[in-house]
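Please read the structure below before turning to the comments.
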Amino acid sequence: MRLDSDLLEAFESSIEGRVSDGVFRWSPDPSICVVIAAGGYPGVSESGKVISGLERANAVDGVKVFHAGTILLNGEFTTSGGRVLGVTARAATLESAVARAYQAVDCIHFEGMQYRHDIAHRRLKRQGKG
């Protein structure tokens, strides 16, 4: 999320052994990731649960939803592993990034869905914002 350069160029530079020749720009903005897990995780996780709200979540400014334990079946994303999605947000402040990530998480639903509600809260508390 913080890479402001072309990701494909970074991959090609790495493969061709010329990473030191590349100019890669990184945003100073903070980013966070809230992992959404399936019911039963970290034990035996539940699979086959239909996931809704992904388009709405991805529409939140500064947010990208990364798939991990998902599969596309009959035009619908369903759970297929323990760590299902990584809802990642970037913003000018950590407080804004946290708010964006959880705003996007609130758009997503599937049976048994679970996630931590305290991502970055220790850091925000140290900054006097949490």
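A few notes on this one:
- Among residues of the stretch 101-120 that are closer than 16 Å to Leu54 by Cα, those with a beta-carbon under 7 Å from a residue that is part of a helix (DSSP H, G or I) and open to solvent by less than 30 Å² (accessible area, probe 1.4 Å) at least six positions away or on a different chain give the pairs Ala104/Ala57; Cys107/Ala57; Ile108/Leu54; Ile108/Ala57; Tyr115/Val105.
- The stretch 1-32, subset among the hydrophobic types (A, V, I, L, M, F, W, C) and touching a residue at least 12 places away in the same chain (Cβ under 8 Å), residue nearest to Ala89 (Cα to Cα): Ile32
- Test: residue in the stretch 12-29 that is closer than 30 Å to Arg126 by Cα and buried (at least 18 other Cβ atoms within 10 Å of the Cβ): no
- The criterion of at least 1 residues that are surrounded by fewer than 18 Cβ atoms within 10 Å (Cβ to Cβ) and within 16 Å of the chain's Cα centre (by Cα) is met, among strands (runs of 3 or more DSSP E) falling completely within the stretch 34-128, by 63-67, 83-90.
- If the condition is being over 23 Å from Arg2 (Cβ atoms) and in contact with a helix residue (DSSP H, G or I) (Cβ under 9 Å, 6 or more places away or on another chain), then the stretch 71-88 contributes only Phe77.
- Checked against the criterion of being modelled with pLDDT of 95 or more and hydroxyl-bearing (Ser, Thr, Tyr), the stretch 22-36 has at least one qualifying residue.
The values are calculated or read from the model by the stated rules, or taken from the named source; none is laboratory data. Please read all numbers here as calculations on a predicted model, not as lab measurements. Heads up, the Cβs are rebuilt from the backbone with ideal geometry, glycines too, and the neighbour counts pull from every protein chain shown. Accessible surface is based on the protein model in full, side chains and every heavy atom, while ligands, DNA and RNA are left aside. Shrake-Rupley method; radii C 1.70, N 1.55, O 1.52, S 1.80 Å.
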